[in-house]
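First comes the structure, then the notes that go with it.
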Amino acid sequence: MRYPIAIESEDETHAFGVVVPDLPGCFSAGDTLDEAIQMAKEAIELWLEVQIDEGGDIPEPKSITEHQANPEFAHWIWALVDVDPAILSDKAERVNITLPARVLRRVDEAAKSRHESRSGFLARAALATLRREAS
């Protein structure tokens, strides 16, 4: 998947600013053009992960030509950022973990009381922890 990014040229006091028009609120910056593009890729991946975690929709990218018609982006530089579609996958993967028996019992009790599977409970708890740490 390739998302167009609009890059505002740097000046003596500002870095290159980046906006991802297809992803509301997704923006980034970099001291060099290459760094701005790399930081945009990270911002896009994080934006997509949060949308998926929160059950939101993933917008399809529009063409650069469509975005160039927007006067807000007059004189901006355009680039495309490749995003690996695998990061969008919610396909279940089997993993092998080791937990102390007493922890596993507590996990199973908590999952059962919430009418969840062990895997579902652990996934939800992990995502909640990651969201708290990100904010």
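Could you tell me how many of the residues in region 109-135 are of a type in the set (Asp, Glu), assigned to a helix (DSSP H, G or I) and modelled with pLDDT under 95?
Within region 109-135, the subset of a type in the set (Asp, Glu) is 109, 116, 133.
When the remaining residues are screened for being assigned to a helix (DSSP H, G or I), the result is 109, 133.
Subsequent filtering for residues that are modelled with pLDDT under 95 retains 133.
Residues that pass the stated criteria total 1.
For region 106-116, what are the residues that are exposed (fewer than 12 other Cβ atoms within 10 Å of the Cβ) and under 30 Å from the mean Cα position of the chain (by Cα)?
114, 115
Exactly one of these conditions fails for residue 125: (1) surrounded by 13 or more Cβ atoms within 10 Å (Cβ to Cβ); (2) under 22 Å from residue 43 (Cβ atoms). Give me its number.
Unmet for residue 125, out of (1) surrounded by 13 or more Cβ atoms within 10 Å (Cβ to Cβ); (2) under 22 Å from residue 43 (Cβ atoms): (2).
Evaluate the following for residue 71: is it within 15 Å of residue 24 (Cα to Cα) and over 12 Å from the mean Cα position of the chain (by Cα)? Spell out how you get there, then give the answer.
On the way: within 15 Å of residue 24 (Cα to Cα): no; over 12 Å from the mean Cα position of the chain (by Cα): yes.
It is false that residue 71 is within 15 Å of residue 24 (Cα to Cα) and over 12 Å from the mean Cα position of the chain (by Cα).
For residue 96, all conditions in the list (1) without any contact (Cβ under 8 Å) to a residue 12 or more places away in the chain; (2) in the same structural domain as residue 22 (by TED's automatic domain parsing); (3) over 25 Å from residue 134 (Cα atoms) hold save one; what is the number of the exception?
(2)
The values are calculated or read from the model by the stated rules, or taken from the named source; none is laboratory data. Predicted model, so just to flag it, every value in this text is computed and none were measured. Here the Cβ is made from the backbone with ideal geometry for all residues, glycine too, and neighbour counts use every protein chain on show.
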